[in-house]
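The values are calculated or read from the model by the stated rules, or taken from the named source; none is laboratory data. Predicted model, so just to flag it, every value in this text is computed and none were measured. Don't worry about glycine lacking a Cβ; one is built from the backbone with ideal geometry, like all the others, and counts go over all protein chains shown. For accessibility, only protein heavy atoms count, side chains too; no ligands or nucleic acids. Shrake-Rupley method; radii C 1.70, N 1.55, O 1.52, S 1.80 Å.
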Amino acid sequence: MAQRTPPGRRVLRVAVVGAGPAGIYAADALAGQDDVPVAVDLVDRLPTPFGLVRHGIAPDHLKMRALRETLHHTLDHERVRFVGNVEIGTDLALDELRRHVDAVVYTYGAAGDRRLGIPGEELPGSLAATDVVAWYCGHPDADRPRVEDAVARARDVVVVGVGNVALDVARVLARSPAELHPTEMPQHVLDALAAAPVERVTVLGRRGPAQASFTTQELRELGHLAAATVLVDPADLAPDPATEALAAADRHVARNLAALADYAGHEVTPGTVSLRLRFRARPVRLLGTDRVTGVEVERTTVDAEGRAVGTGELDVVPADLVVRSVGYSGHALPGLPLVGGTVPHEAGRVLRDGRPSTGEYVAGWIKRGPTGVVGTNKHDARETVAALLADVAAGVLRPGGDDDWLDTLRARGGHPVLLEDWRAIDAAEVALGAVHGRARTTLHEREALLAAVRSAVAAQEG
């Protein structure tokens, strides 16, 4: 571990499990304070850092993805060591890691998807937004054959959900090849999207437009697509007392309604993709025998508590591809408690059997659930780190061993990816991007990522 130790003071050894924004912010908060000498290992199961900034933010959001340059400053800190390609619970048991360090902070996010729970959901052509996002962002675990088979047939697309991720998926599928070329998408993704026969994209919201959770910025961005026309039925925006009350109380709702009103009454421009935003429409069944052919939709109303209530009025939306985007869920590391998709905690201290577990902490989505934006993780991580440092000051923590857990990992055949190795991957992606006339092209296969590391090592040794 990286160390900077005043004479006579033992370095606090902390492992942060998950090198996405929450983990990097936690490492930054630890490394940036001078009350306690600290050495932080920032551990990730992927060979690459940045989590959802790399594999979740839509590739056409170039400015948002540039956040990784800011996050990289923490990786360069002398008190921080990036350790990728290590899966805690598989390559190294959680209790083994805990024996080697003084504290562990879990920040590995909530990458699972929530299901609709309706008939037909298992049909080919029915995907989770997590599947599609992983594919177009170049995640090593993406199910490329399954997604590309669905995209290749997708003339009619239905996206279920009205959050930012749903709009990301709809927008990416509706973009022209020229718009997508400057992104960092893997080349095979660009090729598949360029060949996709997409003509119609329908985004379904189970409640009204006032209850939609997308941001106004994401909503307005749809109006700038070069090859798509955004459609909203004016009837979906008809005023009612509940909607008017929400708009009066919440400026975000009022801005969204104003943006939607700008799209109301649009007509499809010939030769463009129609991107329809439809509200008060609840999917009740996916249709098809061998694969998805449509979505049976029930008209809803919104009750006084903001819940969708079915009216019994049904219709069918044609669909070759259905993407559900109704939320993320967390999973437990082996040996770590999980309740309702999050780790139980008290101000960031992990609770086991209702009591704080010495030396265990949590931050990010696996702490609070999949809410907020990237920056929300900074405050969240600081709260957790404050609890950890308070426990240090109170003498609560039990010191771990003084040996390096990476020695144990390597002894059993592990191949951790350290910061210089990540730099080799980074350089390889930039070089591949130059071949295609772009700033970067994402390497999507784990083997390709590790091959870039091996090539750099071989070049240094040669």
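Filtering the range 202-218 for residues that are small (Gly, Ala, Ser), buried (at least 21 other Cβ atoms within 10 Å of the Cβ), more than 18 Å from His266 (Cβ to Cβ) and touching a Ser or Thr at 6+ places or on another chain (Cβ under 9 Å) leaves a non-empty set.
Residue-wise test of (1) open to solvent by 70 Å² or more (accessible area, probe 1.4 Å); (2) closer than 20 Å to Thr74 by Cα; (3) at pLDDT below 95.
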| site | (1), (2), (3) |
| --- | --- |
| Ala363 | no, yes, no |
| Arg398 | yes, no, yes |
| Thr442 | no, no, no |
| Glu447 | yes, no, no |
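Thr342 meets each of the listed conditions (1) surrounded by 18 or more Cβ atoms within 10 Å (Cβ to Cβ); (2) more than 27 Å from the chain's Cα centre (by Cα); (3) polar (S, T, N, Q) apart from (2). When Glu221 is tested against (1) in a loop (DSSP other than H, G, I, E, B); (2) within 18 Å of Thr272 (Cβ to Cβ), exactly one condition is not met: (1). Scanning the range 102-117 for residues that are open to solvent by less than 30 Å² (accessible area, probe 1.4 Å) and modelled with pLDDT of 90 or more returns Asp102, Ala103, Val104, Val105, Tyr106, Thr107.
Only residues that are open to solvent by 20 Å² or more (accessible area, probe 1.4 Å) and either of a type outside the set (A, V, I, L, M, F, W, C) or over 23 Å from the mean Cα position of the chain (by Cα) (or both) were counted across the range 62-101, and they come to 21. Residues considered: Ala142, Ala154. Of these, the only one that is in contact with a strand residue (DSSP E or B) (Cβ under 6 Å, 6 or more places away or on another chain), buried (at least 18 other Cβ atoms within 10 Å of the Cβ) and assigned to a loop (DSSP other than H, G, I, E, B) is Ala154.
Take the residues in the range 227-253 that are modelled with pLDDT under 85 and surrounded by fewer than 11 Cβ atoms within 10 Å (Cβ to Cβ), then tell me which one is farthest from Leu180 (Cα to Cα).
Pro241
Give the range 176-201 a look and list any residue that's open to solvent by 10 Å² or more (accessible area, probe 1.4 Å) and either among the aromatic types (Phe, Trp, Tyr) or assigned to a loop (DSSP other than H, G, I, E, B) (or both), or say none.
Ser176, His181, Pro182, Glu184, Ala196, Pro197, Val198, Glu199
Name the helices (runs of 4 or more DSSP H) wholly within the range 7-71 that hold at least 3 residues that are farther than 23 Å from Ala448 by Cα and in contact with a helix residue (DSSP H, G or I) (Cβ under 7 Å, 6 or more places away or on another chain)?
Hits in the range 7-71: 21-31.
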